[in-house]
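Chemist: One structure coming up, written as structure tokens, with questions to follow.
The values are calculated or read from the model by the stated rules, or taken from the named source; none is laboratory data. These numbers were taken from a predicted model, which means no experiment stands behind them. Cβ placement follows ideal geometry from the backbone for every residue including glycine, while neighbour counts extend to all protein chains displayed. These accessible areas exclude ligands, DNA and RNA; they are computed on the full protein's heavy atoms, side chains included. Shrake-Rupley method; radii C 1.70, N 1.55, O 1.52, S 1.80 Å.
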Amino acid sequence: MSRLPRQFQKVQDKALLNAIELGLDLVEAELTLAVANTDAIVDAASRHLLTAGGKRVRPVLVLLTAQLGDASREEVIRAAVVSELTHLATLYHDDVMDEAPTRRGVPTAQNVYGNSVAILAGDILLARASQIGVDLGAESLKLQAETFERLCLGQLHETTGPAEGEDQLAHYIQVMADKT
């Protein structure tokens, strides 16, 4: 329980909310730049899900976590962009694997551009995330690669299902943990 007067708490809450909103605006601008490509097909396909919107949960978590340190560092925005680009890349792949007809209220990329282009668009987004992440240092790039590997393993285990004798609920929970 806080010992601060209620008015001061509201001011702090509003300041935090403003900081997160400003950070999200910066993230959105950087995401738009990150998906831009001179190749028309790649440009359209890689923008497809970005322009469909989304909750941006991962960037919000990065921005909130940064409040525990120096949230004004420009690396915070880059880290938030890397997390969202990695997430977007997995959505392209996941939609192909699941043969999903829509995502975020629009037809999925594979329904618009075909499976191959959708998969390659996801790969390009992962490449862009890596290009941005390399400026955050080797440890960050290693973490991003490990994260993507875990995401792929989660997708693989969802596709193959539980092994014989494996607890189905435990398998499902592990798949969701890996994919999230």
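Chemist: What about Ala71, is it part of a helix (DSSP H, G or I) and either open to solvent by less than 80 Å² (accessible area, probe 1.4 Å) or basic (Lys, Arg) (or both)?
Modeler: no
Chemist: Suppose we filter Asp94, Asp98 for residues that are over 21 Å from Ala145 (Cα atoms) and of a type in the set (Asp, Glu); which single one remains?
Modeler: Result of the check over Asp94, Asp98: Asp98.
Chemist: With respect to Glu158, determine if the residue is closer than 26 Å to Glu30 by Cα, among the acidic types (Asp, Glu) and in a helix (DSSP H, G or I).
Modeler: So Glu158 fails the test.
Chemist: In segment 161-180, which residues are out of contact with any helix residue (DSSP H, G or I) (no Cβ under 9 Å at 6 or more places or on another chain) and assigned to a helix (DSSP H, G or I)?
Modeler: Gln168, Leu169, Ala170, Ile173
Chemist: Report, ordered by the first and then the second residue, all pairs with beta carbons closer than 6 Å, sequence separation of six or more or different chains, a first member in segment 117-134 that is farther than 13 Å from Asp43 by Cβ, and a second member that is buried (at least 21 other Cβ atoms within 10 Å of the Cβ) and aromatic (Phe, Trp, Tyr).
Modeler: So the pair list comes out as Ala118/Tyr92; Gly122/Tyr92.
Chemist: Select, from Leu141, Leu125, Leu120, the only residue that is in a helix (DSSP H, G or I), out of contact with any His (no Cβ under 7 Å at 6 or more places or on another chain) and open to solvent by less than 30 Å² (accessible area, probe 1.4 Å).
Modeler: Matching residue, one of Leu141, Leu125, Leu120: Leu125.
Chemist: Right, here's the next one. Return the total of residues in segment 14-68 being assigned to a helix (DSSP H, G or I), among the hydrophobic types (A, V, I, L, M, F, W, C) and open to solvent by 30 Å² or more (accessible area, probe 1.4 Å).
Modeler: Final tally of qualifying residues: 18.
Chemist: Shifting gears a bit: I'd like the full set of residues that are among the polar types (S, T, N, Q), open to solvent by 20 Å² or more (accessible area, probe 1.4 Å) and under 15 Å from the mean Cα position of the chain (by Cα), limited to segment 82-116.
Modeler: Scanning segment 82-116 gives Ser83, Thr90.
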